[in-house]
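The structure appears below as structure tokens.
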């Protein structure tokens with residue numbers, strides 16, 4: 001079969017692992033078998049085949065998930081402590097891999113108690129990194145780490161490579177063999193979950209993740225690769241690739257994201273082998289809350305609505321359509337108080353009392 005004929009048939013085979021490529025990434029209720037034939041997704045077992053293909057395609061762009069040793073939780077050291085109302089905030093440094101430190105804020109309850117639910121809080125783009133979500137930025141609508149800690153959750157808020165106390169770490173990750181900062185972030189966040197589960201204050205079965213903008217899509221990416229995350233909140237974090245800046249994907253290609261989108265896939269939404277309808281679908285059946293303002297000039301709301309519609313069909317297969325919630329406030333690239341409080345109620349619904 002010629003390449004053109006294969007494309008027209010809806011499948012191109014990856015030279016690396018023969019994972020079929022999907023020309024229609026918005027329809028989730030089918031998968032391609034080994035012959036490239038479209039097969040309906042009518043059961044959860046069927047879906048596992050399509051999901052496996054989605055993960056492979058994400059790794060084709062981001063690089064493979066590292067196989068580093070996770071037999072022990074990451075060691076960490078406390079650099080400073082601050083006593084807040086009801087909690088203690090610790091500036092810590094943990095190793096996501098040998099010689100790869102990550103700085104984070106860890107919020108713990110001031111008084112000993114039973115095991116609590118925990119939240120991984122991922123920050124938006126800012127030189128301040130984790131400090132933005134800890135009440136030290138200019139916008140109070142970004143203070144979700146501080147606010148969740150005040151509600152009684154154990155909270156871990158790490159720096160993303162290139163920001164905050166880890167401002168110089170981006171160069172070294174490529175020298176270490178990563179092909180994207182996105183995958184390094186995913187690995188750091190997986191190890192953050194390992195750290196949270198190791199704490200005697202944390203119920204290891206009640207962990208969620210929340211993020212805005214950069215933290216919004218990093219929340220989704222972490223959730224795809226780590227199913228221990230039981231509930232996810234994404235604010236201003238995504239749109240379908242064809243809707244992003246009119247299909248111009250250059251914003252996704254710098255060294256803080258996925259350079260292969262430019263180097264291999266030529267910034268083409270059609271050529272990039274995954275898209276956000278699939279990312280959302282890969283989270284099913286876990287609860288997902290989406291804040292997508294109608295005036296967001298980064299992530300087009302129409303593309304968000306298209307992604308949600310695609311994923312809703314899959315959530316219906318799991319009989320949990322109501323667990324995928326999207327709000328569309330009259331706002332710009334922001335996480336308004338009303339929607340943020342709704343997100344906290346959503347977290348509380350699924351994780352229970354902190």
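Nothing in this text is a laboratory measurement; each read-out follows from the coordinates by a stated rule. Every value quoted in this text rests on a predicted model; they were computed, and no experiment measured them. Cβ sites come from the backbone with ideal geometry, for glycine too, and all protein chains shown count toward neighbours.
Among beta bridges identified by DSSP and lying wholly in the chain, the antiparallel ones come to about 55 percent. In degrees from 0 to 90, rounded to the nearest 10, what is the angle of the helix 301-317 Cα long axis to the longest principal axis of the chain? The two axes meet at around 80 degrees. Computed over the chain with a Gaussian network model linking Cα atoms closer than 10 Å, the most mobile of 75, 343, 176 is 176. Taking the alpha carbon gyration tensor of region 76-351, multiplying each eigenvalue by 5 and rooting it gives semi-axes of 28, 23, 17 Å, largest first. Fully extended, how many nm does the chain gain between residue 201 and residue 46 (0.36 nm per residue separation, minus their Cα-Cα distance)? That works out to 52.0 nm of additional length. The distance between label points at residue 75 and residue 263 comes to 3.3 nm (points 7 Å beyond Cα on the Cα→Cβ vector). Considering only alpha-carbon pairs that sit under 8 angstrom and 6 or more positions apart, the relative contact order computed for the chain is 16 percent. If the segment from residue 95 to residue 350 were pulled out straight at 0.36 nm per residue, it would be longer than the present Cα-Cα gap by 88.8 nm.
Between helix 337-351 and the chain there is an angle of about 90 degrees, using the helix long axis and the longest principal axis of the Cα atoms. For residue 84 and residue 64, the difference between the fully extended length at 0.36 nm per residue and the C-alpha to C-alpha distance is 3.2 nm.
Once the mean of 1/r is taken over each pair of separate Cα atoms and inverted, region 56-139 shows a Kirkwood hydrodynamic radius of 15.5 Å. Rounded to the nearest 10 degrees, what's the angle between the helix 181-198 long axis and the longest principal axis of the chain, both from Cα atoms, 0 to 90? Once rounded, one gets 50 degrees.
Estimated purely from DSSP H runs of n ≥ 4, each contributing -39500 (n - 2.57), the mean residue ellipticity at 222 nm for the chain is -9500 deg cm²/dmol once divided by its residues.
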